[in-house]
1. Suppose R0 equals 56 Å; then what is the FRET efficiency for A:SER9 and B:ARG248 from their Cβ-Cβ distance, rounded to the nearest 0.05?
2. Taking only DSSP H segments of four or more residues, each worth -39500 (n - 2.57), what value at 222 nm results for chain B once the sum is divided by all its residues, to the nearest 500 deg cm²/dmol?
3. What dipole magnitude, in Debye to the nearest 20, does the protein assembly as shown give about its Cα centre under +1 on Lys/Arg Cβ and -1 on Asp/Glu Cβ?
4. What's the average, rounded to a whole number, of partner chain beta-carbon atoms within 10 Å of each residue's beta-carbon in A:148-156?
5. Scattering from the C-alpha atoms of segment B:24-69 alone, worked out with Debye: what is log10 I(q)/I(0) at q = 0.25, 0.27, 0.31 1/Å?
6. So how strong a dipole does chain A carry about its Cα centre when Lys and Arg Cβ are +1 and Asp and Glu Cβ are -1, to the nearest 20 debye?
7. Taking 0.36 nm per intervening residue step and subtracting the Cα-Cα distance, what contour gain separates A:GLU129 from A:THR21 on full extension?
8. Evaluate E = 1/(1 + (r/R0)^6) for B:GLU80 and B:GLU172, where r is the Cβ-Cβ distance and R0 equals 35 Å; express this FRET efficiency to the nearest 0.05.
Amino acid sequence: MRSAEDFDSAWEQARRDKRRTLAAGGAIVAALFAVSAWRSELDPVRLAEGLPGIVDYLRQTIPALRSAADLREWFWGLDRWLLLLAETLAIAFLATLLGTAVAALLSFSAARNLARSRWERTLTRRALELARTVPVLVFALIFVVAFGGGPLAGVLALAVHSAGSLGKLFSEVNENAGMGPVDSLRATGAGWAQTARYAVLPQSLPSFLSYSMLRFEINVRSASVIGFVGVGGIGQELYYAIRQFLYHDVGAILALIVLTVTAIDLVGEKLRGLVSDGGAIAP
Amino acid sequence: MTGAPMTAVPMTEAQLLAAVTPPFADRLRLRAAWTGLFALTAFCAWFVDLSPARLWEGFGKLGRLVWLMLPPDPAGFLGEFAAALAETLAMALAATLLAAALAFPLSLLGARNLAPHPGLRFGVRRLFDLLRGVEELIWAMIFVRVVGLGPMAGVIALTLSETGMLSKLFAETFEQAEQRMVDSLRAAGANKAEVVRFAVLPRALPVMASHVLYFLESNVRSSTILGIVGAGGVGFQLADRIRVNEWRQVGCLIVLILLAVATIDWISGRLRRRLIEGGKSAA
């Protein structure tokens, strides 16, 4: 049995240890912050001068709205912008579709329970990793050189990235599939592709769909910015507006983008709910 | 299943087929969905000018570009590249720490069990939804116009768009605090700060740290591209080398980015695992 004094001293010791760890951790974090603030030229004076400027900038993007005519004048380019938004949505849609197709094809080779060899699995996984780690914008920059300016480069850049992220998620879904149907199909002499198609895919499909829809929402956001490197869509228009200090246009286009993204998120949430409900009933 | 006794009834092939074929309405719905998807895809492909000839030509060119990147070679710019990469990491770290520092007080306002006023909570959340609805790259580009070229614009952009998300996550962590502990501290006469310090923080801290690390990983990815619009970091070098067709240097930069991302992910993953284990043993 330990006496009260033992307990007290052990408690003191534990407290002291904890305090020391906390102090050391705090010092490390503070030092890291100091170094990183210095390297990223985070100057408090410039920051203090800059922040009001940011508020000012944002205020300038919204004109005085006293009547419907003012609103009409603010959104003077609405027809053109809506067309560009449609282009952005088309880019996101095609990229999601292509990415989903590639990801679904590769997801069986990348799944631990389905890959035919360790080589197949490792190679597929590395390829998917590469596709999702290189930023979309980097792919876009390179594809613009290869495919020329315009939405096609954007579609492919987003598709590669989508395939990488979806492929990983899909393979995890496949790994969670019940192996009963797989074993029974194999017993009937079905080949690997047939097993994947008829035993695993029916189980995984609802999750695939729901992930793809989520990816579409993400792709719409990304598609609105990859226009910055010259692949069309609303992003390119925004880029010019920002560069030429067309404050009101910047505000109007940003408002359109935020509205579209929010609307798609809301609809997507509903749809994904439906899909996963259906998935719960189907099997 | 109709509940009929399972006896071996001989079935003709036609009966068997009829038994496994889905009802007509389901088949119709499926066919309609496929047709719709196909039509939408065809329309989008036409809209973005996607033609087999362009694809063929582009992929040929892309293959040549990749060939030109091999082997990656810094060509004497390794020092410059390393400095740019360090700037990228510094931006990510500074923004993450700043966002965490800003998110902490905001999350106290936002947590349902601690918030002083529900209206305030609503306002704070909507403001951050708006900041998050616009991509970081767009903010970065705007801030470059306001505070000038350089990493500070990037840090502000990253900080602003992550603070909202982080304070939401922090608030949710606080809401999971055990009400019994909060109540008993209040009953013992503790004031608000003491309740937060002794009832809420001890359990929330590891989870919060884990969220912060996760955001660090995400910020490292984001900060690699901010340079493309002049907001600091390695993205500037990347866009520049693509512009002047120095493909082996481009290859080298991509490899460096991948290495940096992988290293940060690895370190952060290890730290997060330790935090989770530490949190478990403390509880």
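The values are calculated or read from the model by the stated rules, or taken from the named source; none is laboratory data. The structure displayed is predicted, hence computed values, not measured ones. Don't worry about glycine lacking a Cβ; one is built from the backbone with ideal geometry, like all the others, and counts go over all protein chains shown. Protein only, heavy atoms only, side chains kept; ligands, DNA and RNA dropped before computing areas. Shrake-Rupley method; radii C 1.70, N 1.55, O 1.52, S 1.80 Å.
1. It comes to 0.30.
2. Taken over chain B, the calculation gives -26500 deg cm²/dmol.
3. Numbers: 54 positive and 45 negative charges, 165 e Å.
Dipole about the Cα centre, nearest 20: 800 debye.
4. So the per-residue partner count for this stretch is 4.
5. -0.84, -0.89, -0.97
6. In total the dipole reaches around 820 debye.
7. On the way: separation 108, 0.36 × 108 = 38.88 nm, distance 3.58 nm.
Taking 0.36 nm per residue and subtracting the Cα distance, the gain is 35.3 nm.
8. 0.25
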